[in-house]
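Comments concern the structure below.
The values are calculated or read from the model by the stated rules, or taken from the named source; none is laboratory data. These numbers come from a predicted model, not from an experiment. Reconstructed Cβ throughout: ideal geometry from the backbone, glycine too, with neighbour counts over all protein chains shown. We work out accessible area using only protein heavy atoms, side chains counted, and drop any ligands, DNA or RNA first. Shrake-Rupley method; radii C 1.70, N 1.55, O 1.52, S 1.80 Å.
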Amino acid sequence: MFRPVLKIALLLCAATAFAQTKYPGVGKPAAADRVKAADKTVMADGRGLPAGKGNVETGRGLYKTHCAECHNEAGEGRDKQWPALVGGTGTLATKAAKKTVGSYWPYATTVWDTISRSMPYNNPGTLKPDEVYAITAFVLHLNNIVPASQELDEKSLPQVKMPNRDGFIPTVHPDVKAKR
Amino acid sequence: MADRRSFLGLAAVLTACTKSSKAPSVVEQSMAPYGERAAAETNILRTATERTGSIGVGSSTTPLQELHGVITPSALHFERHHAGIPKIDPAKHTLLVHGLVAQPMEFTLDDLKRLPAVTRTHFIECSGNGGGELRGVAGATVEKSHGLLSCSEWTGVPLKFLLEQAGVKPEAKWVIAEGADACRMARSIPMAKCMEDALVVYGQNGEALRPGQGYPLRLLLPGFEGNSSVKWLDRLHVTEEPAQSNQETAHYTDLLPNGKARQFSFVMDTNSVITRPSGGQKIAGGAGFVEISGIAWTGNGKIKRVEVSTDGGKTWIDAALEEPVLSRSLVRFRAPWVWDGKDAVIQSRATDETGYLQPTRDEIVEARGMNSQYHYHGVKPWVVKADGSVTNV
């Protein structure tokens, strides 16, 4: 990426900064490609999402292959053990609150990130970005958040507004008052 | 000197043995390279609950009713895993610090051990500890009601040192901590906590971390909900904003009666519980003196006071706090009790150094409703029956 001379200059700069730390010689500067390979963070505004795309229809098939065994055919979950991905809309302020992707999750990027890093449970981190976009699109469609014709990519996914986007508040602490 | 004394003691025992026709078992025990518990104590165990069909998801609880003092033996530390325990080669494990820093840095375990270390005693409590009490499914034992709580002596490096070593930028407000487990669990931690007392630890109770506690490296956020003390830590991403990761949106958020959810409610509230006598135990030998003993803790800092009631909360007496009373650590309290042999309800309540008093279950339900099982910290009563048996209410 950089020409050799520039690379050396950058390394020298890094070495200078390195020498000025409180604990010189401890730890190694990490090269940009090392950081890039490790950095899987996806921010809510879409930073960190890799280039790629997938649509609801492709997602339907991939979901059947990778997700339905646990989350069931239409995302309804199984046997309380396996969380439902759909339902619960309008229940959060009731005694029967049901927290799902559709009713509770504030960001569509979190759906992508969860599938990408943690799913499928027994083989996490193996789905390609395009597959993750497709499954994300399908799961959002199951929740009536995007239409059946939807295709998602790194630009459009962060634009999807989740129903409970404004459902979270900062914590005031402490919040319980005890009487002596 | 001590060696000589113990040698003489051993010699005396050996002499006694040779004189007896039946040798005591002491001479039959080998000095194992790694010690075992006494045979009669091996029934003191954690209880594990794993989700059917998915090994690695679930929790195990600490049998607090069986423990003395405040330190949890490493082998009995509670566990809560979201994707199992990874096998990690410590020689290959590194910690990457990157993002809003002057120079991204990578640290091996050897690097970390060169830095000035600290050893501190802190509890870790799962955010969901006591959730059953809130739901009205009172735990029959302390392990059932409060067992997602343990306390260890942790050794490691202040996270502040690592952030300074990489040259953290002024605009940085959060650090996303990520683990090397199968689900690469990640949590966003406010910068203030990272610079205050967060540790990156490799030691637990004098030895390396146990695999179930994040071997070879974990984040340790004193007084914060356990989930945020990311195990198997291998990446710290310095950012302006939180990641809004799965765990900090879908899960560890506290749904209130109005349908809104508290987010980033890290601090574990002031809490206490009597561990002896407690549910499942029996006061042997009838009426008379019984010491009431238990543990208190708070994410707010130090426990200032623990009161104990033996009449269902009508009257309270101050318990003695065992020194040293450490910040964000379990504290052992003790109170004398002369039991009249009649039915009694015993309970404790703690006050922390900020003046916050541990509430009752009703007061928590009043403030938060019933929809979130996290951060429960209500007063826990036990019923002592005339026959000495102790049960939950």
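A few notes on this one:
- Selected residue (criterion: least open to solvent (accessible area, probe 1.4 Å)) from residues of region B:243-261 that are assigned to a helix (DSSP H, G or I) and either more than 8 Å from chain A (Cβ to nearest Cβ) or under 19 Å from B:TYR376 (Cβ atoms) (or both): B:GLU248
- Members of region A:26-59 found to be open to solvent by less than 40 Å² (accessible area, probe 1.4 Å) and assigned to a loop (DSSP other than H, G, I, E, B), listed by number: A:VAL26, A:GLY27, A:ALA30, A:THR41, A:VAL42, A:MET43, A:ALA44, A:GLY46, A:LEU49, A:GLY52
- Residues of region B:97-107 satisfying the condition of being surrounded by fewer than 22 Cβ atoms within 10 Å (Cβ to Cβ) and facing chain A (nearest Cβ under 8 Å): B:ALA102, B:GLN103, B:GLU106
- Hey, B:ASN227 assigned to a helix (DSSP H, G or I) and either open to solvent by 10 Å² or more (accessible area, probe 1.4 Å) or more than 14 Å from chain A (Cβ to nearest Cβ) (or both) or not: yes
- Going through (1) away from chain A (no Cβ under 11 Å); (2) basic (Lys, Arg); (3) free of Cβ contacts under 8 Å to residues at least 24 places away in the same chain one by one, B:LYS302 falls short only on (3).
- For region B:155-176, the set of residues classified as part of a strand (DSSP E or B) and open to solvent by 10 Å² or more (accessible area, probe 1.4 Å) consists of B:THR155, B:PRO158, B:VAL168, B:TRP174, listed by residue number.
- Selected residue (criterion: farthest from the chain's Cα centre (by Cα)) from residues of region B:92-137 that are without any contact (Cβ under 8 Å) to a residue 12 or more places away in the chain and part of a loop (DSSP other than H, G, I, E, B): B:LYS92
- Check on B:LYS314, surrounded by fewer than 19 Cβ atoms within 10 Å (Cβ to Cβ) and under 30 Å from A:ASP166 (Cα atoms): no
- Residue count, region A:143-168 (criterion: of a type in the set (A, V, I, L, M), more than 14 Å from chain B (Cβ to nearest Cβ) and free of Cβ contacts under 8 Å to residues at least 60 places away in the same chain): 1
- Of the residues in region A:107-125, none is at pLDDT 95 or above, of a type in the set (S, T, N, Q) and part of a loop (DSSP other than H, G, I, E, B).
- So A:ASN123, is it within 16 Å of A:LEU62 (Cα to Cα), open to solvent by 60 Å² or more (accessible area, probe 1.4 Å) and not acidic (Asp, Glu): yes
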